[in-house]
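Structure first, then comments.
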Amino acid sequence: MRKVIGIGETILDIIFQGEQPSAAVPGGSVFNGIVSLGRMGVNVCFISETGNDRVGNIILKFMRDNHIPTDHVNVFPDGKSPVSLAFLNDRSDAEYLFYKDYPKQRLDVIYPKIEEDDIVIIGSYYALNPVLRDKMLELLEMAREKKAIVYYDPNFRSSHKDEAMKLAPTIIENLEYADIVRGSAEDFFYMYGLKEVDKIYTDKIKFYCPRFICTSGNGKIALRTANVCKEYDVEPLEAVSTIGAGDNFNAGLIYGLLKYDVRYRDLNHIDEKTWDKVIQCGKDFSAEVCRSFSNSISATFAQNYK
C-alpha cells in the first residue's frame, strides 16, 4: 500500500476572533494535510519534532487519535513546543504570531522506509531552514532514489520576503527535487515579486519542475504542465476560517493522485481528464476546511467522501 510521508513542524494554533481565543488546534502546514489524509484512511507518516511538555503531549495524542504514528517525531527534552497565535480578520483570513524555542539538536529521528510511488510532502520555511537542510536533503535524496513522488508547497510567508534572495538557491534545489509544485499566488509574489501565472511558470518553475499548480484564494486555480494549460473556477462559500485551506488543497490533490492511481512513471503524461478529477479532490478538501475552525477535514466528511 502506497504511503504519504510528510516532514514539517507541529505547532499549537490558538485562534483569536476579535480579542478572544475561540479555539486551539494542533497545526503546521504539512501536518494539516497529513491529518486529513490520515482521516481518509491513507497510510501516513509524519517526521517532526515537539517539546516534552503539555503542548507536545497534546500534539502527540492528537496524532495518535488521527492514525498518525509518532515513531518519527523527535521529542526534545530542552526547549518548548512551538505555539502560534492566529488572529482572524473579518474575511476569516489569519495573521500569525509565532512563539518558538527549539533546542540546538534538531530532528534527531529515524526516517520511515520510502518505496516507489510513495508521496513525500515538503513545504514552508521548514523546507528552507539552513539548520535542518542536511536532514531535508537526506529525505529528498532517498525519495529520488526510490522513485517516490515529491510534492512541494513553498508556502512562503511575508515574514520571510526580505530573505527571498538569500533563500533562492535552496528554493531552486527544492524545485529540482520536486515532481509537483503547488503554491499560492501570494507565495510567488513574496518569493519573486511576480503576479502573472504564466510568467511565474516559464521564468521560475518550468525549467526545474514541469508540473505546476497555482491557487489564489477564491480566485481561479491555474494548472500548467508540459501538455495541459488550464484554469479552474472556485465555487464561492461562506468561510469560517481559511486556515489550512491551501494545506488541504494539497491533501486533496494527493488523495486524488492515490485514488486515480497516478504513479511516478505516469507523471509526464497525466491527461487533462485525470488532472480534472485530481484537482476536484483538492477543491473539495479545501472547501470543507474553510467551513470550520479545524485545520483539517472532519471525520464525517472523510467518511462520506470515501
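Bear in mind that the values in this text are calculations on the coordinates, not laboratory data. This structure is a prediction, so every number in the text was calculated from the model and none was measured. Positions of Cβ are backbone-derived with ideal geometry, glycine not excepted, and every protein chain shown enters the neighbour counts.
The GNM of the chain, with springs linking C-alpha atoms under 10 angstrom apart, assigns the highest mean-square fluctuation among Val150, Val42, Val120 to Val42. Note on the chain: GNM, Cα springs under 10 Å; of Ser81, Ser22, Ser241, the largest mean-square fluctuation is that of Ser22. Checking every one of the GluC sites (Glu not before Pro) in the range 97-152 against DSSP loop status and a limit of 15 other Cβ atoms within 10 Å picks out Glu115, Glu116. Using the average count of surrounding beta-carbon atoms within 10 Å as a protection proxy, the listed peptides 47-53, 172-178, 193-199 rank, highest first, as 47-53, 172-178, 193-199.
For the chain, the Kirkwood hydrodynamic radius from C-alpha pairs, put into Stokes-Einstein at 10 °C and a viscosity of 1.306 mPa s, yields a diffusion coefficient of 82 µm² per second. For the range 123-213, the C-alpha radius of gyration sits at 1.03 times the compact-globule guess of 2.2 N^0.38 Å, with N the residue count. Sequentially through the range 204-209, phi angles give Karplus couplings (6.51, -1.76, 1.60; θ = phi - 60°) of 10, 10, 3, 4, 8, 9 Hz, Gly and Pro residues having no value and appearing as x. In terms of distances greater than 30 angstrom between alpha carbons, the cross-link table entries Lys135/Lys166; Lys100/Lys195; Lys113/Lys230; Lys206/Lys283 yield Lys100/Lys195; Lys113/Lys230.
Give me the Debye-computed log₁₀ of I(q)/I(0) at q = 0.10, 0.15, 0.17, 0.20 Å⁻¹ for the range 162-306, equal point scatterers on Cα only, no solvent, two decimals. Debye intensities relative to I(0), on a log10 scale: -0.35, -0.79, -1.01, -1.30.
Counting neighbouring Cβ atoms within 10 Å and putting the fewest first, the residues Tyr152, Tyr125 line up as Tyr125, Tyr152. Whole-Hz Karplus values for the range 29-46 come out as 4, 6, 4, 4, x, 5, 4, 4, 5, x, 5, 7, x, 6, 6, 10, 9, 9 Hz, taken residue by residue from phi with 6.51 cos²θ - 1.76 cosθ + 1.60 and θ = phi - 60°; glycine and proline positions read x.
So what is the calculated 222 nm ellipticity per residue for the chain, using -39500 (n - 2.57) for each DSSP H run with n of 4 or more, over all residues, to the nearest 500 deg cm²/dmol?
Taken over the chain, the calculation gives -10500 deg cm²/dmol.
Evaluating 6.51 cos²θ - 1.76 cosθ + 1.60 at θ = phi - 60° for every residue in the range 268-273, the Karplus couplings come out as 6, 9, 6, 7, 4, 5 Hz, glycine and proline recorded as x. Each DSSP beta bridge with both residues in the chain is either parallel or antiparallel, and the antiparallel ones are about 40%.
Rank the residues Met1, Met63, Met191 as a footprinting-exposure proxy: fewest other Cβ atoms within 10 Å of their Cβ go first.
In order of increasing Cβ crowding within 10 Å: Met1, Met191, Met63.
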